[in-house]
1. Return the only residue of 237, 253, 197 being in contact with a strand residue (DSSP E or B) (Cβ under 7 Å, 6 or more places away or on another chain) and either within 28 Å of residue 62 (Cβ to Cβ) or at pLDDT below 90 (or both).
2. Is it true that residue 271 is at pLDDT below 95 and surrounded by 19 or more Cβ atoms within 10 Å (Cβ to Cβ)?
3. Those residues that are out of contact with any strand residue (DSSP E or B) (no Cβ under 8 Å at 6 or more places or on another chain) and under 27 Å from residue 78 (Cβ atoms), I need them from the stretch 103-132; list them, please.
4. Pairs please, first residue from the stretch 57-75 and on the phi > 0 side of the Ramachandran plot, second anywhere and in a strand (DSSP E or B) and within 16 Å of the ligand (Cβ to nearest atom), Cβ atoms under 8 Å, 6+ apart in sequence or on different chains.
5. With the checklist (1) part of a loop (DSSP other than H, G, I, E, B); (2) more than 14 Å from the ligand (Cβ to nearest atom); (3) surrounded by fewer than 18 Cβ atoms within 10 Å (Cβ to Cβ) in hand, flag the one item residue 41 doesn't pass.
6. Would you mind telling me which numbered condition in (1) at pLDDT below 95; (2) part of a loop (DSSP other than H, G, I, E, B) residue 223 fails?
7. Residue 6 is checked against (1) in a loop (DSSP other than H, G, I, E, B); (2) modelled with pLDDT under 90; (3) more than 16 Å from the ligand (Cβ to nearest atom) and fails just one. What number does that condition carry?
8. Go through the stretch 88-101 and count every residue that is in contact (Cβ under 8 Å) with a residue 40 or more places away in the chain and either over 15 Å from the mean Cα position of the chain (by Cα) or within 12 Å of the ligand (Cβ to nearest atom) (or both).
Ligand code: SF4
């Protein structure tokens, strides 16, 4: 199927639960340098035409959703075109961004994106910006939360918090901020020592039991929030992650295991790789994105 032929195949969106989903690191370039980053290793990027072939492969393989991640996806010059192409392929589209370039892309985001993933790792500038290594990031996020409140930002919203030794005592403060914002999901990620995060693991590593304890505590304290928890164990084998050069990997301990290349092989075939834990793969997406409206 050529990119143009996709235009004729737009259908009403179907319920994506029970269908495979992919996350695509469409670039590793980023305008931030978070110490815990697990998408930091530099890699060659596919050009626009190759990127469209990847999207077409996913559509033809029966995938119903795609998550654009990075690096910072909005740094790519062709990002608006790729968002549109995914939309025309009728893929449920999740865009994970650090938020810094969001205002420059508001229109395509509102037109094409179903879910927007945004980070908040502290409840004030000190805690958030020290995790994120970018002064001013907290202030930007507060402006974005205002857009969500006044419904200028149309996609459904998932706020992600990387919970680590540095900010574990601030997670409840983040919940207090989010309580009054009409978001759909708040996802807590246990810090995972991959890529740059592995180099800084002494600083960030959080014991499993501590992560579990804080997750339970915020669930009790904020019953109105839809809170999803992702531990290191949950992540293993549950992601179909496309790297910027088209190779496909899945998290496994402190590494990514390569399971195929999406430019050469049908995504349907790669999905059968024994290191993908099928049940966890489906559950991961359903838990995060299958929620009722809160607005
Ligand atoms: S965690 Fe996200 S925002 Fe931070 S450096 Fe990595 S890709 Fe960029």
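1. Values: 253 fails: in contact with a strand residue (DSSP E or B) (Cβ under 7 Å, 6 or more places away or on another chain); 197 fails: in contact with a strand residue (DSSP E or B) (Cβ under 7 Å, 6 or more places away or on another chain).
The match here is 237.
2. Working: at pLDDT below 95: yes; surrounded by 19 or more Cβ atoms within 10 Å (Cβ to Cβ): yes.
Taking the combined requirement at face value, the residue satisfies it.
3. Applying the first criterion (out of contact with any strand residue (DSSP E or B) (no Cβ under 8 Å at 6 or more places or on another chain)) to the stretch 103-132 yields 103-108, 110-111, 122-130.
Once the filter is applied, which keeps residues that are out of contact with any strand residue (DSSP E or B) (no Cβ under 8 Å at 6 or more places or on another chain) and under 27 Å from residue 78 (Cβ atoms), the stretch 103-132 yields 103, 104, 105, 106, 107, 108, 110, 111.
4. Taking only residues 6 or more apart or on different chains, the pairs are 71/25.
5. (2)
6. It is condition (1) that residue 223 fails.
7. (1) is the only condition that residue 6 fails.
8. The number of residues fulfilling the criteria is 8.
The values are calculated or read from the model by the stated rules, or taken from the named source; none is laboratory data. From a predicted model like this one, the values you see are computed outputs, not experimental measurements. No Cβ is skipped: glycine too gets one built from the backbone with ideal geometry, and neighbour counts run over all protein chains shown.
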